[in-house]
Amino acid sequence: MPEAGWTHIDDTEATTFSDRRSANLIGTDAIPTTSNFNLGVAWYTAETFGESQVHDDQEAIYVVSGEGELRIGDDIVSLTPGTAVYVPPGTPHGGRRITDAPVVVVYTHGAV
C-alpha cells in the first residue's frame, strides 16, 4: 500500500502538448498510488481541438476557470467553471478554449 503524500502545483513540471499543458500531481513516481489512479491539472490553451486522447481507463474532469468546449466522441460539451464531465474508457476526447483565457481543469484517471 502506498504511503500518504502531498505536493504543490509549483513543485511539478507540466508537459506541453499541441492543445494543452498538463501536470500530474498524484499518481507519480514521487507520490505513487494503487490501481493507476492519478490526479492532475490541465490548461487547454488552443483555440481548436487537438488530436483526440483515448485512454484505457476512465477519466473525470472538473472545470476550475475559463470557458471552452470538450469533444467527447461525437458530442461537444460546454466547459464553464463548475462543470464536471465523465469520460468512459476508450472514448476519444479533446478540449479547446473559446475565450482568450485558457480553460483550467482538474482531472483524475482510475482503473475500471
Next on the checklist: Suppose we keep only residues that are modelled with pLDDT under 95 and not β-branched (Val, Ile, Thr) within segment 25-36. Which one would you say is surrounded by the fewest Cβ atoms within 10 Å (Cβ to Cβ)?
Outcome noted: 29
Next on the checklist: Under 9 Å between Cβ atoms, which residue pairs at least 6 apart in sequence (or on different chains) link something in segment 78-97 that is farther than 18 Å from residue 58 by Cβ with a partner that is modelled with pLDDT under 95 and small (Gly, Ala, Ser)?
Outcome noted: 96/50
Item to check | segment 47-70 residues that are more than 14 Å from residue 19 (Cβ to Cβ) and in contact (Cβ under 8 Å) with a residue 24 or more places away in the chain, paired with ones that are of a type in the set (Gly, Ala, Ser) and part of a loop (DSSP other than H, G, I, E, B) (beta carbon under 6 Å, 6 or more apart) | outcome: 57/111
Next on the checklist: Yes or no: segment 48-64 includes at least one residue that is over 17 Å from the mean Cα position of the chain (by Cα) and small (Gly, Ala, Ser).
Outcome noted: no
Checklist entry - Any chance segment 62-81 includes a residue that's surrounded by 16 or more Cβ atoms within 10 Å (Cβ to Cβ), under 30 Å from residue 2 (Cα atoms) and not charged (D, E, K, R)? => result yes
Item to check | Output for segment 73-112, where each listed residue is over 20 Å from residue 14 (Cβ atoms), of a type in the set (A, V, I, L, M) and under 13 Å from the mean Cα position of the chain (by Cα) | outcome: 84, 85, 87
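The values are calculated or read from the model by the stated rules, or taken from the named source; none is laboratory data. Given the structure is predicted, the values throughout are model-derived calculations rather than measurements. Neighbour counts are summed over all protein chains in view; Cβ atoms, including those assigned to glycine, are modelled from backbone coordinates with ideal geometry.
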